[in-house]
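Presented below is the structure to which this report refers.
The values are calculated or read from the model by the stated rules, or taken from the named source; none is laboratory data. Given the structure is predicted, the values throughout are model-derived calculations rather than measurements. Glycine gets a Cβ as well: all are built from the backbone with ideal geometry, and neighbour counts include every protein chain shown. Only protein heavy atoms, including side chains, enter the accessible area calculation; ligands, DNA and RNA are left aside. Shrake-Rupley method; radii C 1.70, N 1.55, O 1.52, S 1.80 Å.
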Amino acid sequence: MIKKMTAGVMALAMGASLLAGCSSDKAEDGKVTLELFSNKSESIQTYKGLIAEFEKQNPDIKIKLDAPPEAETVLKTRLTKNDLPDLMSIAGNATYGELGRAGVLEDFSGSELEKKVQPSYIDMVNRLVGPEEEGTFGLPYATNANAVIYNKAKFEEHGLTVPTTWDEFVASLEKVKAAGDTPIYFTLKDAWTGMIAWNSLGANVAGEDFAEKKNAGEASFVENYDEVADKMATLVKYGHKDNMGVAYGDGNNAFANGKSVFYLQGNWAIPEILKANPDMELGVFPMPVTNDPEQNKLVSGVDVLLTVNKDTEHKEEAMKFVEFMMDQETAKKYIDEQKAFSAVEGVYQENPVFEGIKGNFETGAITSFPDHYYPAGMGAENLVQEFLIKKDKEKFLKKMDSEWEKVQNR
């Protein structure tokens, strides 16, 4: 998938080596300090534990963790200033694609480390970079999944069974609503949370090659996303009284306190829900988007990939940390704490809460996040949020097309 470089990225590609490696240093005590930049606040505690373990094994290396709010914006700013961190733990999305095309990241192709990763996820991140830059510039590490999370006690109370088709899912929502309970707890004050349902619907209805087709002029939101928009509007009817007024953190707590039967979120929300209610029994299943169970795939993407600043002054030490993270034992520890899945071969998520989606990973009935292939800076989540408020489908789909083109033509 070809994407145009932003001016800042082009400037960086030309002058990347001038000021590289600023973020690491060698202290007077002989220790090398490396900066590890992370875009996930949820994994701070997990990283702290793993860093302590690494530093114990490597007393000459110190890892400084930086996980700022608005991490992607911060990283892009640092990209244009030629001040990239030594180590990065970031999402496999359009921002990673931009970094890969800028030529500022270490290339892992053909390395022993690359061989440790499941090939389907390597393919996923390589597609983000596109054909103009050959190479694997990040190692997929932890993967995630969009799921329908449900409260097992309420599920049984309403006499429900796990739906495998769209019509069965809507019938379950109707049944809960008729009983006077809230079917789905939405947190659309945080626009990004609307993308959970949007991605599940889009991947299964419009297909995972939509972005390539769109860029080739063979597809559009107007033509291919009509059904997605309709189904999105249907789901919102089964929310609570203030779908647009509740944020993600409050939604996790509300769901943990039994305010709805279903919650449309990623696996990353599960530790947060259980923090609020450790005794809660949860189940998950892939959203059944179509009426053909064979066609319904679980949306899974690279939540965390590990990469290294190509021009870090301490490449050897940085690679040591990556090798430590890619070890099966470390990878297992990470996914167990984060309730995530691993891209590392031979590392499996065994938590019984994921029983309902385990089969998808085993049979390969998975597809990638469509919005990871949208142009960076398109702001799709805000457009989806606006559509759910104003409900003008035609205007919305046209705007999705025009915003995409606007970003591509910059």
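Say the dipole of the chain comes from +1 at the beta carbon of Lys and Arg and -1 at that of Asp and Glu; which of 149, 191, 41 then lies farthest toward its positive end?
191
At 0.36 nm per residue, minus the direct Cα-Cα distance, what do residue 292 and residue 394 gain on full extension? Give it in nm, one decimal, please.
That works out to 34.0 nm of additional length.
When we measure straight from the Cα of residue 64, which aspartates and glutamates land under 14 angstrom away, once same-chain ones fewer than 8 places off are left out?
Reachable aspartates and glutamates: 25, 35, 53, 55, 86, 317.
If you add up the charges near residue 93, with Lys and Arg at +1 and Asp and Glu at -1, over every other residue whose beta carbon is less than 9 angstrom from its beta carbon, what do you get?
-2
Which whole-number value in Å² is the accessible area per residue of segment 272-410, probe 1.4 Å?
Heavy-atom SASA per residue in segment 272-410 reads 46 Å².
From the phi angles alone, apply the Karplus equation (6.51, -1.76, 1.60; θ = phi - 60°) to segment 343-359 and give each ³J(HN,Hα) in whole Hz, x where the residue is Gly or Pro.
Per-residue couplings from phi come out as 8, 7, 4, x, 10, 10, 8, 10, 5, x, 4, 9, 3, x, 10, 4, x Hz.
Taking Cα atoms, how many degrees apart are the long axis of helix 194-205 and the longest axis of the chain, rounded to 10 and kept between 0 and 90?
The angle comes out near 80 degrees.
For a quick size check, give me the Cα extents of segment 192-318 along its three principal axes, largest first, whole Å.
53, 44, 31
Would you mind checking which residues have amide H under 5 Å from residue 117's amide H? H placed 1.01 Å from N; only 5 or more apart, or other chain.
345
Counting only Cα, what are the radius of gyration and maximum Cα-Cα distance Dmax of segment 157-213, in Å?
14.5, 45
Just checking my list (i) 0.99; (ii) 1.05; (iii) 1.15 against Cα Rg over 2.2 N^0.38 Å computed from this structure; which label fits?
Computed from the coordinates, Cα Rg over 2.2 N^0.38 Å corresponds to (i).
Determine the relative contact order of the chain: mean sequence separation of Cα pairs under 8 Å and six or more apart, normalised by residue count, in whole percent.
About 25 percent, as a whole number.
Using a 1.4 Å probe on the protein heavy atoms only, what accessible surface does residue 244 show? Give it in Å² to the nearest 10.
Taking all protein chains as shown, residue 244 has close to 60 Å².
Mind running the shape call on segment 269-410? Use the C-alpha gyration tensor, a ≥ b ≥ c as the square roots of the eigenvalues: rounded below 1.5 for a/c, prolate if a/b tops b/c, oblate otherwise.
On the way: a/c = 2.06, a/b = 1.23, b/c = 1.67.
Verdict is oblate for segment 269-410.
Report the charge-dipole magnitude of segment 76-153 in Debye, nearest 20, computed about the Cα centre from +1 at each Lys and Arg Cβ and -1 at each Asp and Glu Cβ.
460
Which pairs break 20 Å Cα to Cα here: 231/395; 48/116; 237/391; 237/259? Can you show the working numbers first?
Working: 231/395 17 Å; 48/116 24 Å; 237/391 12 Å; 237/259 16 Å.
Too far apart for the 20 Å limit: 48/116.
Please get the size of the charge dipole for the chain, origin at its Cα centre, with Cβ charges of +1 on Lys and Arg and -1 on Asp and Glu, quoted in debye to the nearest 20. Could you put the intermediate results ahead of the total?
Working: 44 positive and 66 negative charges, 210 e Å.
Charge dipole, the chain, about its Cα centre: 1000 debye, nearest 20.
Just the number, please: carbon plus sulfur as a percent of the accessible area of the chain, 1.4 Å probe, no ligands or DNA/RNA counted.
49
In Å and on Cα atoms, what radius of gyration and Dmax does segment 164-256 show?
Just the Cα atoms of segment 164-256 yield Rg and Dmax of 15.2, 48 Å.
Given 356, 211, 318, which one lies farthest toward the positive end of the charge dipole of the chain, if we put +1 on the Cβ of every Lys and Arg and -1 on the Cβ of every Asp and Glu?
211
For segment 43-58, take each phi angle, set θ = phi - 60°, evaluate the Karplus expression 6.51 cos²θ - 1.76 cosθ + 1.60, and give the result in whole Hz per residue in order, putting x for glycine and proline.
So the Karplus estimates, Gly and Pro as x, are 9, 4, 5, 4, 4, 4, x, 5, 5, 4, 5, 5, 5, 5, 6, 10 Hz.
What is the antiparallel percent of DSSP beta bridges lying wholly in the chain, to the nearest 5?
In the chain, approximately 70 percent of DSSP beta bridges are antiparallel ones.
Could you list which residues have their amide H under 5 Å from that of residue 137, counting only those 5 or more apart in sequence or on another chain, with H placed in the peptide plane?
Distant-sequence amide H within range of residue 137: 108.
What ³J(HN,Hα) values, in whole Hz, does the Karplus curve 6.51 cos²θ - 1.76 cosθ + 1.60 give for segment 249-256 when θ = phi - 60°, with x put for Gly and Pro?
x, 5, x, 4, 5, 5, 5, 4
Search the structure for amide H atoms under 5 Å from the amide H of residue 62, placed 1.01 Å from N in the peptide plane, and list their residues when 5 or more places away or on another chain.
Under 5 Å from the amide H of residue 62 lie the amide H atoms of 32, 33, 34, each far enough along the sequence or on another chain.
Could you give the size of the charge dipole of segment 263-410 about its Cα centre, using +1 on the Cβ of each K and R and -1 on the Cβ of each D and E, expressed in debye and rounded to the nearest 20?
Once rounded to the nearest 20, the dipole reads 700 debye.
If contacts are Cα pairs under 8 angstrom and at least 6 residues apart, what is the relative contact order of segment 272-410 in percent?
25
What's the tally of Lys pairs in segment 130-191 whose alpha-carbon atoms lie under 21 angstrom apart, where the two lysines are 8 or more places apart or on different chains?
Pairs that pass both the separation and distance tests number 4.
Out of the trypsin sites (Lys or Arg not before Pro) in segment 73-129, which ones are loop residues according to DSSP with at most 14 other C-beta atoms within 10 Å?
Answer by residue number: 81.
Given just the C-alpha atoms of segment 38-190, how large is their convex hull per residue in cubic angstrom?
191
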